[in-house]
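Where a number appears in this text, it was derived from the coordinates with a stated rule and is not lab data. As the structure is a computational prediction, the values presented were derived from the model and not from experiment. Heads up, the Cβs are rebuilt from the backbone with ideal geometry, glycines too, and the neighbour counts pull from every protein chain shown.
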Amino acid sequence: MPKLLQTYRQLPSCFYEALNNKIDYDVNPYLFNQALAHKLELDQENKPELINDLLENHYPHIAQAYAGHQFGNFSMLGDGRARLIGEYQSPGEKLYDIQLKGSGRTSFSKRGDGKATLSAMLREYIYSEALAALQIPTTRSLAILSTSEKIYRQTEEEGAILIRIASSHIRVGTFEYAAALQDKEVLTELMDYSIKRHYPHIEMNEKRAYAFLKSVIDSQAKLISEWSSIGFIHGVMNTDNMTISGETIDFGPCAFMNRYDLDTCFSSIDVNGRYAFGSQPSMAKWNLFRLAECLLPFLSTNEETAIKIVEQLLNDFDRRYEQYWLTNMSKKIGFQTTSYDVKILIEELLSLMQQHQLDYHNTFYSLTYQLSCELLQPITIWIERWHKLLKAQDLEYTMAQKIMKQVNPVVIPRNHIVEEAIYHATVKNNQLFLKQLLEDIKSPYAANKSAINYIDVPLGHDDNYQTFCGT
Ligand code: AMP
Ligand code: MG
């Protein structure tokens with residue numbers, strides 16, 4: 001049994017419900033992330049033993065309480081279909097939550113069945129592992145267990161449990177929950193715990209709440225800038241789906257954008273495009289305002305002063321986001337450092353991509369590998385200007401290419417490939433496509449023989465493409 005800690009349970013008991021029941025599903029390992037198990041040194045025991053140990057309710061397990069603004073509306077929530085087993089101390093001393101998702105009802109389940117579909121857990125597994133390989137902060141997927149349960153959504157589906165690894169599951173919504181209880185002591189304990197766990201360098205800071213808020217703002221500005229530069233759309237950025245750690249969490253209706261368009265939104269439930277690709281930075285800022293509101297009493301005894309502090313901090317979100325984004329985008333066109341001229345060039349490129357509906361990844365891929373293809377026709381003049389600027393900055397194309405190869409992926413989980421892999425795995429009982437996809441996404445920058453499959457996007461595929469929450 002890997003040694004697990006129970007530090008979250010040291011928080012006041014309002015933060016969780018202890019679960020006394022055992023998991024009574026008949027489970028079978030469906031997917032196991034050997035590379036992750038190895039990295040975390042969780043592969044000391046054999047696989048079935050490890051899984052058995054994790055399912056045993058030794059401590060007991062807990063369901064975490066939280067709240068959240070869902071599409072702008074506040075609700076009290078909590079783990080309605082998940083349980084925290086405990087925290088695993090990795091070889092690097094870092095603590096990781098091990099959580100089971102889809103593990104049955106808790107007192108937070110409301111009308112839900114507490115279960116998860118195999119197809120939804122496969123989506124989470126695929127996207128979290130893809131982001132991890134792209135070096136974007138994210139929760140990880142250690143395994144999927146099939147439960148041999150039939151569960152009912154639009155149709156009858158197979159049930160599954162995901163074993164999820166996270167730096168923690170503390171969300172903006174966890175702070176909203178604590179603030180809603182109107183007990184400053186409870187909120188202080190949550191903040192202290194979060195600082196200790198995620199931002200220990202500010203533990204001794206005199207203005208702890210200020211430093212904490214600033215740190216979370218920075219982590220999120222960095223994260224969202226990475227989503228933007230890689231073309232990732234989270235799809236349901238409710239405050240309960242935003243972590244304090246800065247990791248991507250809760251992959252529901254997420255997708256990668258093919259055609260560049262700021263309005264891209266695939267989620268079937270997001271009818272107004274609240275969480276469209278181009279709105280992600282402003283929605284992240286909106287969420288961080290909700291976090292800041294919880295912390296107002298710690299920022300100043302004078303409410304007006306506290307609000308001014310928050311406004312100033314959140315204006316800083318824009319500056320930080322822009323800086324991170326510009327640095328990432330500059331690299332995508334071969335500049336190690338950014339400048340006003342590079343910024344203009346990036347903006348011009350994006351505007352041409354939007355105008356001509358160019359494929360986001362294929363554009364950067366073709367520029368990186370200097371392909372003379374039809375796709376680049378509408379940007380021929382831009383390419384001349386780009387080469388001129390490289391020259392003016394004394395940058396050899398080969399140097400620029402080296403930088404570009406490190407940041408412009410060849411393999412991303414294209415929507416049609418994800419759907420195909422999940423369809424074959426769940427409907428046809430054939431894991432072949434899934435296994436190939438999972439193998440390919442491990443090396444997003446390798447232009448190997450599989451790569452070609454990720455470049456051809458079926459014409460018009462995204463026109464009516466919809467993704468689902470999977471709850
Ligand atoms: P999510 O859409 O997964 O971010 O979940 C939002 C909220 O709904 C959380 O409080 C979940 O625990 C809860 N929830 C989602 N699916 C279920 C389900 N099948 N049964 C019970 N609660 C659920
Ligand atoms: Mg969620």
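From the residues in the stretch 61-96 that are of a type in the set (Gly, Ala, Ser) and assigned to a loop (DSSP other than H, G, I, E, B), which one is nearest to ligand 1 (Cβ to nearest atom)?
Pass one, the stretch 61-96, residues of a type in the set (Gly, Ala, Ser): 63, 65, 67-68, 72, 75, 78, 80, 82, 86, 90, 92.
Applying the additional criterion that residues be assigned to a loop (DSSP other than H, G, I, E, B) yields 65, 72, 78, 80, 90, 92.
Numbers: ALA65: 10, GLY72: 15, GLY78: 6, GLY80: 2, SER90: 26, GLY92: 29 Å.
Filtering the stretch 61-96 for residues that are of a type in the set (Gly, Ala, Ser) and assigned to a loop (DSSP other than H, G, I, E, B), the one nearest to ligand 1 (Cβ to nearest atom) comes out as GLY80.
Here is a yes/no grid of residues against (1) at negative phi; (2) among the aliphatic types (A, V, I, L, M); (3) within 16 Å of ligand 2 (Cβ to nearest atom); (4) in contact with a strand residue (DSSP E or B) (Cβ under 7 Å, 6 or more places away or on another chain):
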site	(1), (2), (3), (4)
LEU50	yes, yes, no, no
GLY72	no, no, yes, no
LYS101	yes, no, yes, yes
ILE136	yes, yes, no, yes
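When you go through (1) within 11 Å of ligand 2 (Cβ to nearest atom); (2) small (Gly, Ala, Ser); (3) farther than 22 Å from GLY68 by Cα one by one for SER228, which number turns out not to apply?
(1)
Spot the failing condition for GLN182; the list is (1) assigned to a helix (DSSP H, G or I); (2) free of Cβ contacts under 8 Å to residues at least 40 places away in the same chain, and only one is missed.
Condition not satisfied by GLN182: (1).
From the residues in the stretch 235-250 that are assigned to a loop (DSSP other than H, G, I, E, B) and more than 11 Å from ligand 2 (Cβ to nearest atom), which one is nearest to the chain's Cα centre (by Cα)?
Our first condition is that a residue be assigned to a loop (DSSP other than H, G, I, E, B); within the stretch 235-250, this holds for 235-238, 242, 244-247, 249-250.
Checking which are more than 11 Å from ligand 2 (Cβ to nearest atom) leaves us with 235, 244-247.
Numbers: GLY235: 10, ILE244: 12, SER245: 11, GLY246: 9, GLU247: 6 Å.
Among those residues, the one meeting the criterion is GLU247.
If LEU376 meets every condition in (1) within 19 Å of LYS332 (Cα to Cα); (2) part of a helix (DSSP H, G or I); (3) within 28 Å of the chain's Cα centre (by Cα) apart from one, which number is that one?
(3)
If you go through the stretch 265-273 one residue at a time, do you hit one that is at negative phi, surrounded by fewer than 22 Cβ atoms within 10 Å (Cβ to Cβ), within 16 Å of ligand 2 (Cβ to nearest atom) and in a loop (DSSP other than H, G, I, E, B)?
yes
For the stretch 324-353, which residues satisfy the criterion of being out of contact with any strand residue (DSSP E or B) (no Cβ under 9 Å at 6 or more places or on another chain), assigned to a helix (DSSP H, G or I) and either of a type in the set (Ser, Thr, Tyr) or in contact (Cβ under 8 Å) with a residue 60 or more places away in the chain (or both)? Reasoning before the result, please.
Going residue by residue through the stretch 324-353, those that are out of contact with any strand residue (DSSP E or B) (no Cβ under 9 Å at 6 or more places or on another chain) are 324-352.
Next, only the ones that are assigned to a helix (DSSP H, G or I) stay: 324-332, 340-352.
Within the stretch 324-353, TYR324, TRP325, THR327, ASN328, MET329, SER330, LYS331, LYS332, TYR340, LEU350, SER351 meet the criteria.
Taking the stretch 419-448 as the search range and keeping residues that are among the charged types (D, E, K, R) and out of contact with any Ser or Thr (no Cβ under 7 Å at 6 or more places or on another chain), which one is surrounded by the most Cβ atoms within 10 Å (Cβ to Cβ)?
Initially, the stretch 419-448 is screened for residues among the charged types (D, E, K, R), giving 419-420, 428, 435, 439-440, 442.
Next cut, out of contact with any Ser or Thr (no Cβ under 7 Å at 6 or more places or on another chain) only: 419-420, 428, 435, 439, 442.
Working: GLU419: 17, GLU420: 14, LYS428: 10, LYS435: 13, GLU439: 11, LYS442: 13.
This residue is GLU419.
Select from the stretch 1-20 the residues that are of a type in the set (A, V, I, L, M) and assigned to a strand (DSSP E or B) and list them in ascending order. Give the steps one after another, and end with the answer.
Here is the first cut: in the stretch 1-20, the residues of a type in the set (A, V, I, L, M) are 1, 4-5, 11, 18-19.
If the condition is that a residue be of a type in the set (A, V, I, L, M) and assigned to a strand (DSSP E or B), then LEU4, LEU5, ALA18 are the ones that fit.
Every residue, every condition in (1) without any contact (Cβ under 8 Å) to a residue 60 or more places away in the chain; (2) more than 16 Å from ARG140 (Cβ to Cβ); (3) hydroxyl-bearing (Ser, Thr, Tyr), yes or no:
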residue	(1), (2), (3)
GLU17	no, yes, no
LYS22	yes, yes, no
GLU49	yes, yes, no
ILE62	yes, yes, no
GLY68	no, yes, no
GLY72	no, yes, no
SER75	yes, yes, yes
ASP97	no, no, no
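Quick one: is GLU189 acidic (Asp, Glu), within 26 Å of ALA67 (Cβ to Cβ) and touching a residue at least 60 places away in the same chain (Cβ under 8 Å)? Explain how you work it out, then say what you get.
Details: acidic (Asp, Glu): yes; within 26 Å of ALA67 (Cβ to Cβ): yes; touching a residue at least 60 places away in the same chain (Cβ under 8 Å): yes.
It is true that GLU189 is acidic (Asp, Glu), within 26 Å of ALA67 (Cβ to Cβ) and touching a residue at least 60 places away in the same chain (Cβ under 8 Å).
Before we move on, is LEU262 buried (at least 22 other Cβ atoms within 10 Å of the Cβ) and either part of a helix (DSSP H, G or I) or within 22 Å of the chain's Cα centre (by Cα) (or both)? Talk me through it step by step, then tell me what you get.
Details: buried (at least 22 other Cβ atoms within 10 Å of the Cβ): no; either part of a helix (DSSP H, G or I) or within 22 Å of the chain's Cα centre (by Cα) (or both): yes.
So LEU262 does not fit the description; no.
Quick one: which of ALA160, ALA130, ALA143 is of a type outside the set (Val, Ile, Thr), away from ligand 2 (no atom under 16 Å from the Cβ), within 16 Å of the chain's Cα centre (by Cα) and not in a loop (DSSP other than H, G, I, E, B)? Spell out how you get there, then give the answer.
Details: ALA160 fails: within 16 Å of the chain's Cα centre (by Cα); ALA143 fails: within 16 Å of the chain's Cα centre (by Cα).
On inspection, the qualifying residue turns out to be ALA130.
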